[in-house]
Each structure stands twice: as C-alpha cells, then as structure tokens.
Amino acid sequence: MRSVETLTRAAIADALHRNLGLSRAESLEMVESILDLMCEALGRGENVKISGFGTFLLRDKGERVGRNPKTGIEVPITPRRVLTFRSSQILKQRVTSE
C-alpha cells in the first residue's frame, strides 16, 4: 500500500512559485484568493465547478429519524446543508490509472 501524502496550501503556492516565477507571497495570495472565492460562492448557496476536476455541490438534507447504534434509541436528525464533491471523468481516469 502506498503512503498517503497531503497536498497543502503551502505546497500549491510553492508549485506556483517554482512553475510561474511568482514570488512566494504572490503565490500564497493567489491560492488564498481562489479558495476565498470558492468559499464565498458556496456560502451564497452556489455550486462550484472546476472543468476537468470536478464540482462541489451543496445539498439540503431534510429532517429524518436516525438510530443510536449503541442503544438502538431513535433520534431525530435535524435538516442541514451538506457539501459533496463529484469528480469529473478526467479526474477519475487519472486517479484510477496511476
């Protein structure tokens, strides 16, 4: 099994710095700006689609009855909004072929 590494904001900014020649500060600012735009759009209830990568979708889930697995007691689960990610076919192919 492969070790699992995590891509961080700093690593993305560093890649921009190396590949585009931006300063480290400009690179980090660009990454933060993009993430802020995405967060603001999701906060307004908009979905975020990045062509060739995937779509961040907001879904409203209604109230339902759940069950405590330890006790078996039914508990109401309140309505809420959840964020899901649906990857593009291109991303799926790249992830599964490597």
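The values are calculated or read from the model by the stated rules, or taken from the named source; none is laboratory data. Since the structure is predicted, the reported quantities are computational estimates derived from the model, not experimental observations. Backbone-built Cβ (ideal geometry, glycine too); neighbour counts: all protein chains shown.
Write out, first by first residue and then by second, each pair whose Cβ atoms fall under 6 Å of each other, whose residues are 6+ apart or on separate chains, and whose first residue, in the range 1-30, is outside the structural domain of VAL95 (by TED's automatic domain parsing) while the second is among the hydroxyl-bearing types (Ser, Thr, Tyr).
ALA13/SER27; LEU16/SER27; HIS17/SER27
So that you can scan it fast, the table gives a plain yes or no per residue for (1) surrounded by 12 or more Cβ atoms within 10 Å (Cβ to Cβ); (2) over 19 Å from the mean Cα position of the chain (by Cα):
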residue: LEU37; (1), (2): no, no
residue: LEU42; (1), (2): yes, no
residue: GLY54; (1), (2): yes, no
residue: ILE73; (1), (2): no, yes
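When you look at GLU5, is it out of contact with any helix residue (DSSP H, G or I) (no Cβ under 6 Å at 6 or more places or on another chain) and surrounded by 10 or more Cβ atoms within 10 Å (Cβ to Cβ), yes or no?
Judged against the criteria, GLU5 is not a match.
Counting only residues that are under 16 Å from the mean Cα position of the chain (by Cα) and farther than 21 Å from VAL95 by Cβ, which one in the range 10-35 is surrounded by the fewest Cβ atoms within 10 Å (Cβ to Cβ)?
SER33
I need every pair where a residue in the range 43-71 that is more than 14 Å from VAL82 (Cβ to Cβ) has its Cβ under 7 Å from the Cβ of a residue that is among the acidic types (Asp, Glu), sequence separation at least 6 or different chains.
Matching pairs, first to second residue: VAL65/GLU74; ARG67/GLU74.
Can you tell which of GLY66, GLY72 is at positive phi and modelled with pLDDT under 95?
That would be GLY72, the only listed residue that is at positive phi and modelled with pLDDT under 95.
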